Amino acid sequence: MSSADEAPPPPDFGRMSQPSRRISVAQGAPGLTLDRVDFDYAGHVILAAMDFELDKGGSAVVTGQNGCGKSTLLYVAAGLISPKRGTVLHAGNPLASLFPSARVQRGIRVGFVFQEGGLLANLDAMSNVSLALRYHYDVLELDERTMIAQAEAALEAAQVSRADWGRQPAHMSFGIRKRLALARALAIKPNFFFFDDPDVGLDPRTAQVTHQILCQLRDDPEVTLLVATNRPQLIERLEVPGYRLQAGQLTSHSGKSSLPPSGSFSRPPS
Amino acid sequence: MANQGTAEASKVDPSKAGESLLSGVGGSALHAYRVSGALLLTLISAYKSSSAPGEGAREVCRALTVRQIFYTSFQALSMISVVALFVGATLTAQSELLGGPLQRETAGRVLVTVVIRELAPLITAIIVAGRSGTAIATEIGVMRVNSEILALASLGIDPPRFIVWPRIVSTTVSVPLLTIYFSTMAVLGGFISLFFIDAHAVSEWRSGAVMGLSLVDLPLVLIKTIGLGALVGWICSYYGFEVGSSPTEVPQKASKAVVQSLMACIIYNAVITMVFYGLLVGGRLQ
């Protein structure tokens, strides 16, 4: 930390508005950056001047008590909700000034699996998975055939059976909905992946499938992965740096994942 | 006890009562300011995102808009037909009661004028607000509760473009179309009503109805209906997005959406009529 603190911030990190501050430099290409991020729900502090950084291709697990704000941290980190203060950057791009579609045009493809799925209720499984591909077909340079193939590949990877492809989420079990949400997030071939409580409510076989996919994403050098979970089995399996969210701050997790990842840092609020 | 309460109430410090009244007025003004700002922001972000680049986004949203127009206009035709036929019939019956056989030409003219200028745009907007406005606010509210809006954003889909803009466009297109249909059906209802009252009077009534049609009304009807439609889609979308994370907020916001959009429509309708005929046409009611 100390040597890194001495280094000036890289110019492409979008931090030029705060030249007096010194932030540790990432070793690799910039991935996910949270720069002094504050967030609260009507005065209830969730994130307090939080700094966090993951290199491109880096992975981390966030743990914490129920209600401590793990999901909110993921929402903020994915750019789904704006922080009250501070900046969130994906690959050096500040998200606050970009419409979601403009992020895709800049090569930021986010896969987010929500605790409850967040599936579009009026679309069937196939349409849910192919919607983003259709919406961005020109940016992603996809034709109709590639689009369908990519959607089918994602559904098969998440082991959603073909019989369910034409069904709406309301007619599916919780486990299938969760796998469908995973397939939807995978279909766009994301380079930022956020997974909120991946195996909650899943049977062991489905949880195993989810763990395997997470391990593949972890090993992909193009994907920056952030997982919120309290499951020891998944934490052990992923073997990635772990952080505990407590009192609005991320602190390095003790135990198997005690060491912070290269280029990552966790700093108390000043 | 009641006397004691009255006595205590009478002891209230008038300066404190004035203070609380002032803070109440101030609070309401602040709330109105906040809502106006948020409403404006909803419209601006929807408009801005609608013109953002992206051929795929344009195609998806165009298909969505066409589907919304179908839901808002085509599926409302049966309801509009019933309401318009009976409104036209009732107005004609009342004219007949008031004017009798001597005033049939005037009755036809009054029906056409009143329906085209006032009743058709307003009643159509009320029907669209009650039918589609509720659906818009409820659907968006449920999407908020189920994290569908966040999911769309995570997929790189702009919620204002994907959700708000197609709904504003659909109501803006549907209200003028439905108003034309309403007017036609109302005149038909009047015609049928008169046919049953006195079949020989129909030609006289029809010539009056034709006289009631005036080109001066065309810009008024267009401005009115486009504005009324936009108001319904805009206000109802805004209240849908106002839903937080609790399902109990959905019916509350949906009800608020319909009430507020109806109020806005009635006020807008009156203002446009007064401005148009009072200032632009110089009070000459043709």
Output the qualifying pairs, or none if there are none: Cβ atoms under 9 angstrom, residues six or more apart or on different chains, first residue in region A:104-115 and under 17 Å from B:E55 (Cα atoms) and within 8 Å of chain B (Cβ to nearest Cβ), second residue assigned to a helix (DSSP H, G or I) and not hydrophobic (A, V, I, L, M, F, W, C). A:V104/A:Y135
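Working only within region A:87-102, note down all residues that are in a helix (DSSP H, G or I) and either surrounded by 22 or more Cβ atoms within 10 Å (Cβ to Cβ) or hydroxyl-bearing (S, T, Y) (or both).
In the first step, residues of region A:87-102 are kept if they are in a helix (DSSP H, G or I); the result is A:100-102.
The answer is A:P100, A:S101.
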Please find, among A:A96, A:A121, the residue that is of a type outside the set (V, I, T), farther than 29 Å from A:G31 by Cα and modelled with pLDDT under 95. A:A121
Could you list, in sequence order, all residues of region A:132-151 that are touching a residue at least 12 places away in the same chain (Cβ under 8 Å) and within 11 Å of chain B (Cβ to nearest Cβ)? A:A132, A:L133, A:R134, A:Y135, A:H136, A:V139, A:L140, A:M147
Select from region A:173-215 the residues that are among the acidic types (D, E) and under 14 Å from A:V227 (Cα atoms) and write down the one among them that is nearest to the other protein chains (Cβ to nearest Cβ). A:D196
Show me the helices (runs of 4 or more DSSP H) entirely contained within region B:105-158 in which 2 or more residues are touching a residue at least 60 places away in the same chain (Cβ under 8 Å) and among the aliphatic types (A, V, I, L, M). B:120-128, B:134-145
For A:A154, indicate whether it is within 10 Å of another protein chain (Cβ to nearest Cβ), in a helix (DSSP H, G or I), crowded, with 20+ Cβ neighbours inside 10 Å and small (G, A, S). no
So, A:R218, is that one within 28 Å of A:Y137 (Cα to Cα), within 14 Å of chain B (Cβ to nearest Cβ) and buried (at least 19 other Cβ atoms within 10 Å of the Cβ) or not? no
Sole miss for B:E105 among (1) acidic (D, E); (2) away from chain A (no Cβ under 14 Å); (3) surrounded by fewer than 18 Cβ atoms within 10 Å (Cβ to Cβ) is condition (3)
Among the aliphatic types (A, V, I, L, M), under 30 Å from A:G118 (Cα atoms) and within 14 Å of chain A (Cβ to nearest Cβ): is that true of B:V60 in this structure? yes
Name every residue in region A:105-129 that is over 15 Å from A:L80 (Cβ atoms) and in a loop (DSSP other than H, G, I, E, B), in order of residue number. A:R106, A:G107, A:L119, A:L120, A:A121, A:N122, A:L123, A:D124
If I ask for residues that are of a type in the set (S, T, Y), modelled with pLDDT of 85 or more and surrounded by fewer than 24 Cβ atoms within 10 Å (Cβ to Cβ), which ones from region B:170-206 would you list? B:T172, B:Y181, B:S183, B:T184, B:S193
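Give region A:78-92 a look and list any residue that's among the polar types (S, T, N, Q) and either closer than 30 Å to A:R145 by Cβ or more than 13 Å from every other protein chain (Cβ to nearest Cβ) (or both), or say none.
A:T87
The values are calculated or read from the model by the stated rules, or taken from the named source; none is laboratory data. Bear in mind that the values here come from a model prediction, so they are computed numbers and not experimental data. No Cβ is skipped: glycine too gets one built from the backbone with ideal geometry, and neighbour counts run over all protein chains shown.
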